[in-house]
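Undergrad: Structure provided below as structure tokens; questions to follow.
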Amino acid sequence: MNDSDRVACTACGQDWQTWYRVRDDGRVFLLCPECDSVWLPSDDRHERPTTYLNDLFAPQSKLFDAWRLIDECEPSTAE
Ligand SMILES: [Zn+2]
């Protein structure tokens, strides 16, 4: 076991922070699939999030669905 231990969402507490990647540009981030909270790799995942999924993308129309642009990926944390 290493430090890939899962961390619960610090915003809603209803799901695990999960690594996702933006398909087009390869950016990776932690996402709570429950409330769309995002922690960037430079963020402290134990702090409350200051970013949400849609914030990762330029202003979009109301029908914009960021979930179409991301894929779950392997943890990218440095050991
Ligand atoms: Zn959450």
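Undergrad: Less than 14 Å Cβ to Cβ from Cys73, Lys/Arg counted +1 and Asp/Glu -1: what total charge do the surrounding residues give?
TA: With Lys, Arg at +1 and Asp, Glu at -1, the net is -2.
Undergrad: OK, next. Just to check I understand the Karplus step: with θ = phi - 60° and J = 6.51 cos²θ - 1.76 cosθ + 1.60, what whole-Hz values come out for region 8-25, glycine and proline as x?
TA: Whole-Hz 3J(HN,Hα) from phi for region 8-25: 6, 4, 7, 8, 10, x, 9, 7, 8, 5, 10, 6, 10, 9, 6, 4, 6, 10.
Undergrad: Also, quick follow-up: Of all the stretches in the chain, which is the longest one without any exposed loop site, taking chymotrypsin sites (Phe, Trp or Tyr not before Pro) in a DSSP loop (any state but H, G, I, E, B) with at most 14 other Cβ atoms within 10 Å? Walk me through the numbers before you get to the answer.
TA: Working: sites that count: Phe57, Phe64.
Result for the longest clean stretch: 1-56.
Undergrad: Give, rounded to the nearest 20 debye, the magnitude of the charge dipole that the chain has about its Cα centre when Lys and Arg contribute +1 at Cβ and Asp and Glu contribute -1 at Cβ. Before the final figure, lay out each step's value.
TA: Numbers: 8 positive and 16 negative charges, 56 e Å.
Here the size comes out at about 260 debye.
Undergrad: May I ask you to compute the full-extension gain from Trp67 to Thr10, defined as 0.36 nm times their residue separation minus their alpha-carbon distance, rounded to one decimal in nm? Before the final figure, lay out the partial values.
TA: Details: separation 57, 0.36 × 57 = 20.52 nm, distance 2.06 nm.
Here the segment from Trp67 to Thr10 would lengthen by 18.5 nm.
Undergrad: Report, by chain and number, residues whose modeled amide H sits under 5 Å from the one on Thr18, excluding near sequence neighbours (fewer than 5 apart, same chain).
TA: Excluding prolines and chain starts, which carry no amide H, the hits are Leu31, Cys32.
Where a number appears in this text, it was derived from the coordinates with a stated rule and is not lab data. Computed from a predicted structure; not experimentally measured. Here the Cβ is made from the backbone with ideal geometry for all residues, glycine too, and neighbour counts use every protein chain on show.
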